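The values are calculated or read from the model by the stated rules, or taken from the named source; none is laboratory data. Just so it is clear, the model here is predicted, and its values are computed rather than measured. With ideal geometry, Cβ positions are generated from the backbone for all residues, glycine too; neighbour counts draw on all protein chains shown.
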Amino acid sequence: MSETHSRTAPFGLALENHYARLPGEFYTRMPAEKVGNHPVLLHANPKAGALIGLDPKAFADPDFVPVFCGHKPLGDFSPLAMVYSGHQFGAWAGQLGDGRALLIGQARDMAGQLWDVQLKGAGLTPYSRFGDGRAVMRSTIREYLGSEAIGALGIATSRALCIISTGETVMREQPEPGAILTRLAKSHIRFGHFEHFHHRGKHEQVRLLADHVIGEYFPEFIGDHAGWFGEVVRRTAELMAAWQAAGFAHGVMNTDNMSILGLTLDYGPYGFLDAYDPDFICNHTDEGGRYSFSNQPGIGQWNLRALALALSSLIDSDRLVEQLNAYESIFVTRFRALMRAKVGLVSDREGDDDLIRSLLVLMAKARADYTLTFRQLPQAAESWLALFGEARSEAPAWLARYRARMDGEGGRTAAMNAVNPKYVLRNWVAETAIRAVEDRGDAGPLDRVLRLVQSPYAEHAGDDAWALPPAPEYCGLSVSCSS
Ligand code: AMP
Ligand code: MG
């Protein structure tokens, strides 16, 4: 083991300036701007801390807030903002980059894996363009809870370590309290990093970056660029299958928000489905519905094509096409397996696909709650049918067919409850946690909700209300890109 594994950096971390081994044109080294005069720790998440070997005692360390609001460096790590480009809503957007994010550390975990430690909202960088480098409390809480909820569902994602309230007022459509999120990810490298260099004709940099990514995160593909691209295709297809099965809409699947590791990244105007609507658009700025729920798998493939183009100087076009062509079957296979598990099917029989498809059709017609329809499927017929409200006409026939099919599958309730969450981060739930913080400085609901979404399959007696669909005043809450 190298000396970088000795856990001598602040808070017992093992730090390593790994990204900075790339040449300077990949980033700008800089300290964080000193955002806010009164930084206060609003909430910290021991589960994320454990990923990098951070003892929860660190949260009370006098240096914790100064470090995680960017006022003080993390050991001798030299912070940096990364440059990337990307396609936004299908159009080439040119140079973007970490406009309000700063890499303040890279930490090795106990298993030898590297984690980026990144501040979001810690001030201006050379890539801030028209932005102010800030993040508002509302969107910071949404990313904090959303990424932990997705992680607890077993879906690949960035994670969230803590929220610091900056004490600063940030201007959006209206003045809002500012915050800084510390997020962790194995890497924040995006498809857009590769596009950035390719579209400038810098093919040697594309190669350097690919070899950096492969060496650190895909060592089994060293010397095999095409095989590595195939692995990125596989991870992306499986991520899309996982989002569709969980009822998660990302909202802004621009190529600069697509992780090269296949992680869920950049939680903006995302949404978990309440009533099942395949055409659900969670981002009200997305007028054409490019990133609607049902479009996500196709957009995942579109984004991979943009990545393939960016790798075209490195990988033979026949090989790129061959790998891209595998996308659909990888997606379908995974999605089918996830949906079969959700309805509790084990043995594979003719008619199963139609059984699942017709349930989704019924749910869409009745606007049945996506999460509860699966969670309550093993329960008494009447309570399940009630989820279909007045439009339940065909639901009893479907249920009879389903129950006949389930004969011989044995008791499946425990297995189904282990894949169908009771608690997802519904918009109204996030909004309730946000309002408590903003209106009363009360982080109690935030803490409660974090615990629920971190163990989403458990019953949590007494917390049933947090599992309910939105009350009418919370229906159709709109979420914008503004954050
Ligand atoms: P997003 O839509 O959040 O993925 O952001 C797209 C790009 O805009 C990224 O390069 C962000 O870093 C940048 N950006 C978003 N909000 C801000 C902000 N308030 N200040 C500076 N840059 C921002
Ligand atoms: Mg982004």
Of the residues in the stretch 110-139, those that are more than 13 Å from ligand 2 (Cβ to nearest atom), charged (D, E, K, R) and either under 22 Å from residue 186 (Cα atoms) or not assigned by TED's automatic domain parsing to the domain that holds residue 34 (or both) come to 116
Among the candidates 378, 421, 396, which residue alone is under 24 Å from the mean Cα position of the chain (by Cα) and either farther than 20 Å from residue 274 by Cβ or not hydroxyl-bearing (Ser, Thr, Tyr) (or both)?
421
One residue is enough: does the stretch 69-87 have a residue meeting the conditions in the same structural domain as residue 15 (by TED's automatic domain parsing), within 16 Å of ligand 2 (Cβ to nearest atom) and surrounded by fewer than 19 Cβ atoms within 10 Å (Cβ to Cβ)?
no
Pair list, Cβ < 7 Å and 6+ apart or interchain, from the stretch 326-338 residues that are small (Gly, Ala, Ser) to residues that are surrounded by 13 or more Cβ atoms within 10 Å (Cβ to Cβ):
326/230; 326/233
Could you say whether any residue in the stretch 25-36 is modelled with pLDDT of 95 or more, assigned to a helix (DSSP H, G or I) and farther than 17 Å from residue 163 by Cα?
yes
Take the residues in the stretch 235-272 that are of a type in the set (D, E, K, R) and away from ligand 2 (no atom under 16 Å from the Cβ), then tell me which one is nearest to residue 182 (Cα to Cα).
235
Hey, any hits in the stretch 37-45 for a residue that's within 24 Å of the chain's Cα centre (by Cα), part of a helix (DSSP H, G or I) and modelled with pLDDT of 95 or more?
no
Helices (runs of 4 or more DSSP H) wholly in the stretch 190-280 with at least 3 residues that are among the acidic types (Asp, Glu) - which ones?
203-217
Which of the residues spanning the stretch 53-69 are assigned to a loop (DSSP other than H, G, I, E, B) and of a type outside the set (A, V, I, L, M, F, W, C)?
53, 55, 61, 62, 63
Based on this model, can you work out whether residue 116 counts as closer than 26 Å to residue 86 by Cα, within 20 Å of the chain's Cα centre (by Cα) and surrounded by fewer than 24 Cβ atoms within 10 Å (Cβ to Cβ)?
yes
Tell me which residues, restricted to the stretch 287-312, are charged (D, E, K, R), at pLDDT 95 or above and within 16 Å of ligand 1 (Cβ to nearest atom).
290
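Yes/no matrix, rows are residues, columns are (1) touching a Leu at 6+ places or on another chain (Cβ under 9 Å); (2) under 30 Å from residue 171 (Cβ atoms); (3) of a type in the set (Gly, Ala, Ser):
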{"position": "41", "(1), (2), (3)": "no, yes, no"}
{"position": "61", "(1), (2), (3)": "no, no, no"}
{"position": "73", "(1), (2), (3)": "no, yes, no"}
{"position": "76", "(1), (2), (3)": "yes, no, no"}
{"position": "98", "(1), (2), (3)": "yes, yes, no"}
Pairs, please: C-beta under 8 Å, at least 6 apart or cross-chain, first residue under 18 Å from residue 29 (Cβ atoms) and among the β-branched types (Val, Ile, Thr) and in the stretch 114-140, second modelled with pLDDT of 95 or more and within 9 Å of ligand 1 (Cβ to nearest atom)?
125/81; 125/97; 125/98; 125/99; 125/100; 125/101; 125/133
Residue set 181, 239; condition away from ligand 1 (no atom under 16 Å from the Cβ), touching a residue at least 12 places away in the same chain (Cβ under 8 Å) and either crowded, with 24+ Cβ neighbours inside 10 Å or within 26 Å of residue 456 (Cβ to Cβ) (or both); output residue 239
Tally time: how many residues in the stretch 430-483 are polar (S, T, N, Q) and assigned to a helix (DSSP H, G or I)?
2
Out of the residues in the stretch 60-75 meeting the condition of being touching a residue at least 40 places away in the same chain (Cβ under 8 Å) and of a type in the set (D, E, K, R), tell me which one is farthest from residue 44 (Cα to Cα).
63
Kindly evaluate residue 370 against the criterion of being crowded, with 21+ Cβ neighbours inside 10 Å and not acidic (Asp, Glu).
yes
Name the one entry in 228, 302 that is buried (at least 23 other Cβ atoms within 10 Å of the Cβ) and either more than 24 Å from residue 482 (Cα to Cα) or in contact (Cβ under 8 Å) with a residue 12 or more places away in the chain (or both).
228
From the residues in the stretch 418-427 that are of a type outside the set (Val, Ile, Thr) and crowded, with 18+ Cβ neighbours inside 10 Å, which one is farthest from residue 474 (Cα to Cα)?
420
Spot the failing condition for residue 361; the list is (1) surrounded by 18 or more Cβ atoms within 10 Å (Cβ to Cβ); (2) β-branched (Val, Ile, Thr); (3) within 19 Å of residue 276 (Cβ to Cβ), and only one is missed.
(1)
Could you list all residues from the stretch 273-300 that are away from ligand 2 (no atom under 15 Å from the Cβ) and either among the polar types (S, T, N, Q) or touching a Gly at 6+ places or on another chain (Cβ under 6 Å) (or both)?
273, 281, 282, 292, 294, 295, 296
